[in-house]
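Data block below; observations after.
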Amino acid sequence: MKKYLLLLMALCVAVTLSSCRKTMEKMREKVEFIGVEDVRLVGLTSLEIDFSARNDTAYNLVVKEATITLLNTSTELGALHLSEPVTVKSRTTDTFTSRWRIEIGNPLQLLSLASKLRNNDLSGLFVSIGVDGRGGPVPVNISRERVPLSEILSKFGADISDLSKLMY
């Protein structure tokens with residue numbers, strides 16, 4: 001009898017796990033990051049980024065923590081840290097503002113970045129991203145290491161000239 005009870009419990013757990021996976025897949029299809037609308041420098045240590053997003057799910061999406069790190073080969077040039085959580089309300093398509101704190105380890109290292117941008121050279125520049133949040137009942141943890149900066153810019157509909165304008 002115990003064997004059948006354990007088998008029944010294992011079957012119930014397997015069914016609930018598979019339904020959660022389908023829920024997550026459905027949620028991914030209903031959420032879309034449309035693009036970056038505007039980037040503004042606020043003082044010397046803050047940045048505001050306006051972005052468009054679509055959330056057709058029944059849940060609010062909340063990004064609690066996020067970090068974007070810029071690397072030149074293996075040297076960290078600086079990082080952006082999300083200052084306050086960003087919420088995308090359920091069943092909306094809108095533009096949202098996110099506020100970021102800029103952290104620069106060694107300002108002299110930015111000279112090499114400025115030189116690369118002047119020469120339209122993105123080789124050796126990478127981005128690492130970490131995001132923690134929640135999509136209703138589902139925790140969201142995204143982590144990408146050493147993604148080429150050119151790939152990130154193209155995904156956001158930007159190019160090297162947009163980055164140069166922000167630097168200067």
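Between the amide H of residue 60 and those of 90, 136, distances stay under 5 Å, these residues lying 5 or more places away or on another chain, with hydrogens modeled in the peptide plane. Under 5 Å between amide hydrogens, built in the peptide plane, is the criterion, and for residue 35 it picks out 52 among residues at least 5 positions away or on other chains. Phi angles of the stretch 105-119 translate, via the Karplus equation with coefficients 6.51, -1.76, 1.60 and θ = phi - 60°, into HN-Hα couplings of x, 9, x, 5, 5, 5, 4, 5, 5, 4, 5, 4, 5, 4, 8 Hz per residue; Gly and Pro are given as x. Between residue 42 and residue 162, the modelled labels are 2.0 nm apart [label points 7 Å from Cα along Cα→Cβ].
Whenever you get a sec, compute what percent of the accessible area on the stretch 67-168 sits on carbon and sulfur atoms (1.4 Å probe).
Values: 3240 of 6030 Å².
Within the stretch 67-168, the accessible surface is 54 percent carbon and sulfur.
Rounded to the nearest 20 debye, the dipole magnitude of the stretch 35-168 is 100 debye, with +1 charges on Lys and Arg beta carbons, -1 on Asp and Glu beta carbons, and the Cα centre as origin. Each other residue within a Cβ distance under 10 Å of residue 96 adds +1 if Lys or Arg and -1 if Asp or Glu, for a net charge of -2.
Taking other residues whose beta carbon is less than 10 angstrom from the beta carbon of residue 69, and scoring Lys, Arg as +1 and Asp, Glu as -1, yields -2.
When the alpha-carbon atoms of the stretch 59-168 are used, the pair Rg, Dmax equals 15.5, 47 angstrom. Here the dipole of the stretch 115-168 is about 60 debye; that uses its Cα centre as origin and unit charges on the Cβ of Lys and Arg (positive) and Asp and Glu (negative). Compared with the direct C-alpha span, the chain from residue 155 to residue 103 gains 16.4 nm at full extension, assuming 0.36 nm per residue. Over all other residues within a Cβ to Cβ distance under 13 Å of residue 132, the charged ones net out to +1, with Lys and Arg as +1 and Asp and Glu as -1.
In order along the stretch 78-90, the Karplus-derived 3J(HN,Hα) couplings, from 6.51 cos²θ - 1.76 cosθ + 1.60 at θ = phi - 60°, round to x, 8, 10, 10, 4, 7, 9, x, 10, 10, 9, 4, 5 Hz, and Gly and Pro are given as x.
The values are calculated or read from the model by the stated rules, or taken from the named source; none is laboratory data. None of the values given here were measured: they were computed from a predicted structure. When we count neighbours, we look across all protein chains shown, and the Cβ atoms used for this are built from the backbone with ideal geometry, even at glycine. Surface accessibility is based on the protein's heavy atoms, side chains included, excluding ligands, DNA and RNA. Shrake-Rupley method; radii C 1.70, N 1.55, O 1.52, S 1.80 Å.
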